[in-house]
1. Which value, in Å² rounded to 10, gives the accessible area of Lys162 with a 1.4 Å probe and all protein chains present?
2. Treating only the Cβ of Lys, Arg, Asp and Glu as charged (+1, +1, -1, -1), what charge dipole size does the chain show about its Cα centre? Round to the nearest 20 debye.
3. Can you tell me what share of the DSSP beta bridges in the chain is antiparallel? A percent to the nearest 5 is fine.
4. Starting from 0.36 nm per residue, how many nanometres of slack lie between Glu158 and Asp67 once their C-alpha separation is accounted for?
5. Report the gain in length on full extension from Glu192 to Glu168: 0.36 nm times residue separation, minus Cα-Cα distance, nm rounded to one decimal.
6. If you plug each phi of the stretch 132-138 into the Karplus form 6.51 cos²θ - 1.76 cosθ + 1.60 with θ = phi - 60°, what whole-Hz ³J(HN,Hα) values come out, in order, with x for Gly and Pro?
7. Once you charge only the Cβ atoms, +1 for Lys and Arg and -1 for Asp and Glu, what is the size of the charge dipole of the stretch 78-191 about its Cα centre, to the nearest 20 debye?
8. Students often forget the sequence filter, so: which lysines lie under 21 Å Cα-Cα from Lys29 once same-chain residues fewer than 8 apart are removed?
Amino acid sequence: RAVSIGINSPVGRCGKSSFSLTCAQMLGKKHAVLFISMEEYSGFSKLVCNGYEQDLSDVFYLYQRGDFNWLKLKSMILSSGNVDHIPPVSYGEDLDQIPPEEIAGLLRKIAAESGYERTVVDMGHMGKGAVEQFEACDVIYMPVLDDMVSMAKLEEFEEYLKEAAERETRSKLQKLRLPVSRMTAHRENYIEQLIWGEMGDFVRKLLEGGYER
């Protein structure tokens, strides 16, 4: 069974997706990694995908009609750098129509049957569906910011988790204060820039156990 790593934050523009991509690529140097983006508009297809016919919406369709199996999913997998990935949904509203418990069920099934050692899930704004998906993960990294509005959003989210989630689920959360990138990003080699920039250095220390909460 794969170790499932979720990345989620109630705070916007905190570097969550860049961190998710970097984390997946760094893990991919030592492990077989599958990256999944649950963002409505991830931008991932523009950064690393060069065209595809099937995406995460098709995976959910197979799962919901009870026709999911890993052999069918393998045909949808693309690769980028050290990581395999399922192309994100083409239409963001598709995610709104899927119950949180079904998203969590699919994540568990992929972790159990895919043969990957790690799955990295860039979670979207799940609202009240956060708990089910958190329960399907082994660890949840949560990028946060220190400005007043961001801290207020985080407090509200933590209050919700205290009411809705078991202590075991809440214990999976690790809050992260991500570095501010100083690089001038170029789309054609964006992943390499992340790996060798401030974000890459941060993720290396995190995965080596050198990050202090």
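1. For Lys162, solvent-accessible area is about 150 Å².
2. 680 debye
3. Rounded to the nearest five, the antiparallel share is 15 percent.
4. That works out to 29.1 nm of additional length.
5. Between Glu192 and Glu168, full extension yields an extra 5.1 nm.
6. With coefficients 6.51, -1.76 and 1.60, one gets 4, 6, 4, 5, 7, 10, 8 Hz.
7. That gives the stretch 78-191 a dipole magnitude of about 460 debye.
8. Lys16, Lys74, Lys205
The values are calculated or read from the model by the stated rules, or taken from the named source; none is laboratory data. Note that the structure is a prediction, hence the values are computed from the model and not measured. Methodologically, a virtual Cβ is constructed for each residue, glycine included, from the backbone with ideal geometry; neighbour enumeration extends over all protein chains shown. Ligands, DNA and RNA are stripped out before the accessible areas are found, and what is left, the full protein with its side chains, is counted by its heavy atoms. Shrake-Rupley method; radii C 1.70, N 1.55, O 1.52, S 1.80 Å.
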